[in-house]
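The block underneath contains the structure these notes are about, expressed in structure tokens.
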Amino acid sequence: MPMTPTCVYDTYWRFAAERQAMYMRRLIDQLGPWTADPILRNYRFTNVYRAADRVSQYLIRNVLYREDRSQSPVDVFFRTLLFKLFNKIDTWRYLEQILGPLSWHRIDPNRISQALGGLYKQGYRLYSAAYIMPAPRFGHERKFDNHLALLIRMIEDGLPARLGKARSLRAAYEMIRPYPGLGPFLAFQYVIDLNYSTLLSFDEADFVVAGPGALDGIAKCFADTGRQTPADIIHQMVECQHGEFARQGLKFQGLFGRPLQPIDCQNLFCEISKYARVAHPDVRGTGSRKRIKQSYRPTSEIPELPTFPPRWGLSVPASVQVTGLPRQLELI
């Protein structure tokens, strides 16, 4: 059965084009403004490409591919999951400042617990607000100790070695998914993060899991999904991206030549769910939220030259030169 799009569907593609253009404009001009769209200027939205977001960039550059160290598969897994369990750059920086370079064979997990406990007692928020991190039940009083116990269980189970033998992204996901405290979406996010590393090397187009925000975005983009699953819809968005951008006369150059992948289209559904609360307030989704929670606050932080997994083969020039982006900012 064919799907029935709403007015939000076209906005999805216009949002993707303008949000990506903002990202590229900021690499060239750090002062801004980078868009004339009032919603994009006043509220916070993630980048179109998940790997380009600030936390993912820190993970890739500072956790996975540090130039001063080669890492064993166990260390790659340990460092990735330790970072992502909290998903907060400042927490990671604090741990490395107190304990030095974090390594499974070098650092006693009890020392990590003590360091986190000291930070927690000072009233510091250890976890990012980006994901809901439910605590697995390992009998500890403090949430972070239960998460450390989960990480230890995974490694003692030989999960890093088993992941290294996985034959597909879905197979790797199925190995992680059964562990306590991980729902389908969070397990998928962890697999994507591990797939940035040397531990996994699968095509991101192979597999996708839609999160709650994406499900809301899909419901706003389509009045009738024609009995397609959320994953099917996301894959269809990947397949039709070039035609849809062309249909609306939108210039979308991708991420240094890389087209949208399923994880990115999934992410876009989540972001259009938020954007539509203001742009299309009468279009209902699966949720009940009517306002965008986070306002945009400019920072003085200068963006670094982006870094991506080497096997992607992206050519990021030292001085980013972008063509096809209008000097006159236009409302989308």
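Coordinate-derived values only; no laboratory data. None of these values were measured; they are calculated from a predicted model. Glycine gets a Cβ as well: all are built from the backbone with ideal geometry, and neighbour counts include every protein chain shown.
Observations on the structure shown:
- FRET efficiency, 1/(1 + (r/R0)^6) with R0 30 Å, evaluated for Leu305 and Ser201 via beta carbons: 0.80
- Other-chain or far-sequence residues with amide H under 5 Å of Phe222's (modelled H): Thr6
- Taking amide H as placed 1.01 Å from N in the peptide plane, the amide H of Tyr43 sits under 5 Å from that of Tyr296, each at least 5 places away or on another chain.
- Contact order relative to length of the chain, as percent, for alpha carbon pairs under 8 angstrom and 6 or more apart: 30
- Selection from Ala166, Ser103, Gln122 lying farthest towards where the dipole of region 66-181 points positive, charges on Cβ: Ala166
- Of the trypsin sites (Lys or Arg not before Pro) found in region 134-199, those in coil by DSSP whose Cβ has at most 10 other Cβ atoms within 10 Å are Lys165, Arg167.
- Each residue of region 188-195 is assigned a 3J(HN,Hα), and the resulting list reads 5, 4, 5, 5, 4, 5, 5, 6 Hz, derived from the Karplus form 6.51 cos²θ - 1.76 cosθ + 1.60 (θ = phi - 60°), x at Gly and Pro.
- Values (1) 66, 44, 43; (2) 118, 40, 36; (3) 56, 46, 39 are given for comparison; Cα extents along the principal axes in Å, derived from the coordinates here, is the one labelled (3).
- Local net charge near Asp206, Cβ-Cβ under 11 Å (Lys/Arg +1, Asp/Glu -1): 0
- Approximate spin-label separation Gln248-Thr4, in nm, with each point projected 7 Å along Cα-to-Cβ: 2.1
- Dipole magnitude of the chain, debye to nearest 20 (Cβ charges: Lys/Arg +1, Asp/Glu -1, about Cα centre): 720
- Between the Cα long axis of helix 73-86 and the first principal axis of the chain there is an angle of about 60°, rounded to the nearest 10.
- Each helix, a run of at least 4 DSSP H residues, gives -39500 (n - 2.57); summed and divided by the residues of the chain, these come to -14500 deg cm²/dmol at 222 nm.
- The local environment of Pro136, defined by Cβ-Cβ distances under 12 Å, has a net charge of +2 under the rule Lys, Arg +1 and Asp, Glu -1.
- Between region 240-296 and region 153-200, the Cα center-to-center distance that results, in Å: 27
- Note on region 198-251: percent of Cα-Cα distances in each 10 Å bin, starting at 0 and stopping at the bin with the largest distance, equals 20, 43, 31, 6, 0.
- Qualifying trypsin sites (Lys or Arg not before Pro) for region 216-249 [loop in DSSP, other Cβ within 10 Å: at most 15]: Arg227
- Among the trypsin sites (Lys or Arg not before Pro) in region 1-95, those located in a DSSP loop and surrounded by at most 16 other Cβ atoms within 10 Å of their own Cβ are Arg44, Arg66, Arg69.
- Exceeding the 27 Å Cα-Cα cut-off - candidates Lys88/Lys220; Lys88/Lys165; Lys220/Lys251; Lys165/Lys274: Lys88/Lys220; Lys88/Lys165; Lys165/Lys274
- The value of relative contact order for region 99-251, using C-alpha pairs under 8 Å at least six residues apart, is 15 percent.
- Listed residue (Val283, Thr4, Val209) projecting farthest to the positive dipole end of the chain, Cβ model: Val283
- Straightening the chain between Ala161 and Gln30 buys 42.9 nm, computed as 0.36 nm per residue apart minus the Cα-Cα spacing.
- Neighbourhood net charge (13 Å Cβ-Cβ; Lys/Arg +1, Asp/Glu -1) for Ile39: +4
- Amide H contacts of Phe252 (H built 1.01 Å from N, under 5 Å, at least 5 apart or other chain): none
- Taking label points 7 Å from Cα along the Cα-to-Cβ direction, Gln294 and Arg177 give a separation of 2.7 nm.
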